[in-house]
Amino acid sequence: MKKITYFAELSKLFPQIEAVDKNNRSIALEAAITRSIQLILAQYKKGNKLIFIGNGGSASIASHFAIDFLKNARIPALAFNDASFLTCLSNDLGYEQVFAKPIEMLAKKGDILVAISSSGKSKNILEATRMAKKKGCLVITLSGFNSSNPLRKLGDLNFYVPSNSYGYVETIHAAICHCIVDTIINKKSHG
């Protein structure tokens, strides 16, 4: 049996995570996470909410962290992943609009969209991100695969995982989200 190197390969990716701001300027990972935390807390204090979107495994990450922020960090958060919601909107408006339309209807200026896409090129995620920006929302993106994917240029803060493996990209996206929410929970509980 061939030696399993999954965890060794995964650990090599963490130092390679790239983060850039809205002007495409590189930011150290820790600084980008700190900025994300500051952004979320500042907008929360203004009465804004977090909106999470993703497809497939990224939808699971979106749901997971909407609940973690809502229940554990006590920050208003939601994810657009209800089956009836998705099938109705995609049937009536097309799948490309499945997240953009509810953002158009429910998002307000100052809300934060967390757009998660392993490939960074899912049309429905890109359309929703553009709509969020049009509505005056702030945007945090998490992507992977190709370094020139369009999503990583659309956020106020953009996290990119340089891997073509869904497992690695999704695991690291979840780790970044855990780091942010767990730090916020700790910060809120210790004043």
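The values are calculated or read from the model by the stated rules, or taken from the named source; none is laboratory data. Just so it is clear, the model here is predicted, and its values are computed rather than measured. Please note: Cβ atoms are built from the backbone with ideal geometry, for glycine as well, and neighbour counts cover all protein chains shown.
Values as computed for the structure displayed
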item: Condition check for Ile75: under 19 Å from Ile180 (Cα atoms) and assigned to a strand (DSSP E or B); result: no
item: Residue count, region 75-100 (criterion: touching a helix residue (DSSP H, G or I) at 6+ places or on another chain (Cβ under 6 Å) and small (Gly, Ala, Ser)); result: 3
item: Members of region 112-123 found to be buried (at least 24 other Cβ atoms within 10 Å of the Cβ) and at negative phi, listed by number; result: Ile112, Leu113, Val114, Ala115, Ile116, Ser117, Ser118, Ser122
item: Some residue of region 35-49 being within 18 Å of Ala174 (Cβ to Cβ) and either buried (at least 19 other Cβ atoms within 10 Å of the Cβ) or charged (D, E, K, R) (or both); result: yes
item: Residue that is farthest from the chain's Cα centre (by Cα) [pool: residues in region 43-97 that are of a type in the set (D, E, K, R) and farther than 24 Å from Gly110 by Cβ]; result: Asp92
item: Among (1) surrounded by 14 or more Cβ atoms within 10 Å (Cβ to Cβ); (2) more than 22 Å from Tyr44 (Cα to Cα) - the single one Cys88 does not satisfy; result: (1)
item: Tally, over region 19-35, of residues that are touching a Leu at 6+ places or on another chain (Cβ under 8 Å), outside any helix (DSSP H, G or I) and either among the charged types (D, E, K, R) or free of Cβ contacts under 8 Å to residues at least 40 places away in the same chain (or both); result: 2
item: Hey, Ser148 within 19 Å of Arg25 (Cα to Cα), without any contact (Cβ under 8 Å) to a residue 12 or more places away in the chain and of a type in the set (S, T, N, Q) or not; result: yes
item: Restricting region 148-191 to residues that are of a type in the set (Gly, Ala, Ser) and modelled with pLDDT under 95, the residue that is farthest from Ala66 (Cα to Cα); result: Gly191
item: Yes/no for Ile40 being under 16 Å from the mean Cα position of the chain (by Cα) and assigned to a helix (DSSP H, G or I); result: yes
item: Leu39 vs. criteria touching a helix residue (DSSP H, G or I) at 6+ places or on another chain (Cβ under 8 Å), modelled with pLDDT of 95 or more and of a type outside the set (Lys, Arg); result: no
item: Condition check for Lys45: among the charged types (D, E, K, R), over 16 Å from Tyr160 (Cα atoms) and touching a strand residue (DSSP E or B) at 6+ places or on another chain (Cβ under 8 Å); result: no
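To keep it simple, each residue is scored yes or no on (1) out of contact with any Asp or Glu (no Cβ under 7 Å at 6 or more places or on another chain); (2) among the β-branched types (Val, Ile, Thr); (3) under 26 Å from Pro150 (Cβ atoms).
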| residue | (1), (2), (3) |
| --- | --- |
| Lys3 | yes, no, no |
| Val20 | yes, yes, yes |
| Asn23 | yes, no, yes |
| Ser36 | yes, no, yes |
| Ala42 | yes, no, no |
| Ile53 | yes, yes, yes |
| Gly56 | yes, no, yes |
| Ser60 | yes, no, yes |
| Ser84 | yes, no, no |
